[in-house]
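J.: Mind having a look at this structure? Questions to follow.
The values are calculated or read from the model by the stated rules, or taken from the named source; none is laboratory data. As the structure is a prediction and not an experimental result, all values here were calculated from the model. Positions of Cβ are generated from backbone atoms using ideal geometry, with glycine treated the same way; all protein chains shown enter the neighbour counts.
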Amino acid sequence: MLLAELQIFHSRPIAPTRRLAMGPCLLPTDPAPGVGAVLLGVVVARHMRSIDPNLWDDFTRLSFEIERGTKVAQPRLRFRWQDDRIGLTRSQHQLVRVRDDLNFIHDDENGTPIQQVLGALYSARLLKLEERRAAMDVCRRGMRWIGDEADIDRLVAHLCGSDTGFAMPAAASTNPVAWAFEILGFDTFQSDDDRRPRGPDVQRRFRAMLLKVHPDHGGDSDEAASRIAELTEARRILLL
């Protein structure tokens, strides 16, 4: 039984133009966040780790713009969103129920990770405001997922808010700011808020550290997921 479906039309990876359009979608949202939002979150979690970390903040900002319903300037993140699907190829994502089991089916080999995540985010514009807020929250949880994509039960729990997807170490729990200083490589922790690094300094250090640990830039692929999660959490703590 088909529970949710997302169809994304996009230019081929080798095409000189970068275009995206929405196909027919089935995105139920009741009860919240709904199986439609969960499908979007799974698509985001499936592809986010393959995207350049320097673009992650842009995806987060885009999610909030879509959530608020504000106009999104085009092109965005190198792709132009359009209504016309002529000349575009299709990626399809489905959530189906087989007896008592939920299965996610992905037919996305002809698209890039950026196309899949952008398609998932833009599709939320089909939803009403309150539904869109819940869906974007699920998608942002998908952006933070660091576990095994095949661990569907834990991934769905994470998307629905019952699993954080990140186990905070004891040092972070007892003194989170000092832990964040260490993780991001700042020399000295100061308890005085005036001595804490400014937001732009935190962002620059975060991006520099991401490049060091990301597998595409020579980082250890086995440790990358946990290190990226630590860096992301450290940045969040220092930007509070």
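J.: Taking the condition of being out of contact with any helix residue (DSSP H, G or I) (no Cβ under 7 Å at 6 or more places or on another chain) and free of Cβ contacts under 8 Å to residues at least 60 places away in the same chain, how many residues in segment 65-86 meet it?
T.: Total meeting the criteria: 8.
J.: Continuing with this model, one more query. In segment 75-91, what residues are within 20 Å of the chain's Cα centre (by Cα) and part of a loop (DSSP other than H, G, I, E, B)?
T.: Across segment 75-91, the qualifying residues are Pro75, Leu77, Arg78.
J.: Checking Glu67 against (1) under 13 Å from Leu121 (Cβ atoms); (2) touching a strand residue (DSSP E or B) at 6+ places or on another chain (Cβ under 8 Å); (3) crowded, with 20+ Cβ neighbours inside 10 Å, which test does it fail?
T.: (2)
J.: What helices (runs of 4 or more DSSP H) lie completely within segment 148-240 and have 3 or more residues being modelled with pLDDT of 75 or more?
T.: Per the criteria, 152-159, 176-183, 199-213, 221-239.
J.: Tell me whether segment 95-111 contains one or more residues that are more than 15 Å from Leu26 (Cβ to Cβ), out of contact with any Gly (no Cβ under 6 Å at 6 or more places or on another chain) and assigned to a helix (DSSP H, G or I).
T.: Looking through segment 95-111, none of the residues is more than 15 Å from Leu26 (Cβ to Cβ), out of contact with any Gly (no Cβ under 6 Å at 6 or more places or on another chain) and assigned to a helix (DSSP H, G or I).
J.: Which one is modelled with the highest pLDDT, of the residues in segment 95-114 that are surrounded by 12 or more Cβ atoms within 10 Å (Cβ to Cβ) and either farther than 17 Å from His47 by Cα or not assigned by TED's automatic domain parsing to the domain that holds Asp83 (or both)?
T.: Val96
Each row is one residue, and each column tells you yes or no for (1) part of a strand (DSSP E or B); (2) loosely packed, with under 14 Cβ neighbours inside 10 Å; (3) assigned by TED's automatic domain parsing to the domain that holds Arg204.
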position	(1), (2), (3)
Asp57	no, yes, no
Lys71	no, yes, no
His93	yes, no, no
Gln116	no, no, no
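J.: Next question. Here's a check for you: in segment 118-134, which residue that is assigned to a helix (DSSP H, G or I) and of a type in the set (D, E, K, R) is farthest from Arg12 (Cα to Cα)?
T.: Of everything passing the filter in segment 118-134, Glu130 is farthest from Arg12 (Cα to Cα).
J.: Right, something else. Would you check which residues across segment 95-123 are hydroxyl-bearing (Ser, Thr, Tyr) and more than 17 Å from Asp52 (Cα to Cα) and list them?
T.: Hits for segment 95-123 are Tyr122, Ser123.
J.: So which residues in segment 6-28 are under 23 Å from Gly161 (Cα atoms) and surrounded by fewer than 20 Cβ atoms within 10 Å (Cβ to Cβ), if there are any at all?
T.: Within segment 6-28, Leu26, Pro28 meet the criteria.
J.: Give the residues of segment 29-51 that are surrounded by fewer than 24 Cβ atoms within 10 Å (Cβ to Cβ) and either in contact with a strand residue (DSSP E or B) (Cβ under 6 Å, 6 or more places away or on another chain) or free of Cβ contacts under 8 Å to residues at least 24 places away in the same chain (or both), sorted by residue number.
T.: Asp30, Pro31, Val35
J.: Looking at Arg49, Arg61, which is the one that is in contact with a helix residue (DSSP H, G or I) (Cβ under 9 Å, 6 or more places away or on another chain), among the basic types (Lys, Arg) and modelled with pLDDT under 95?
T.: Checking each option against the conditions leaves just Arg49.
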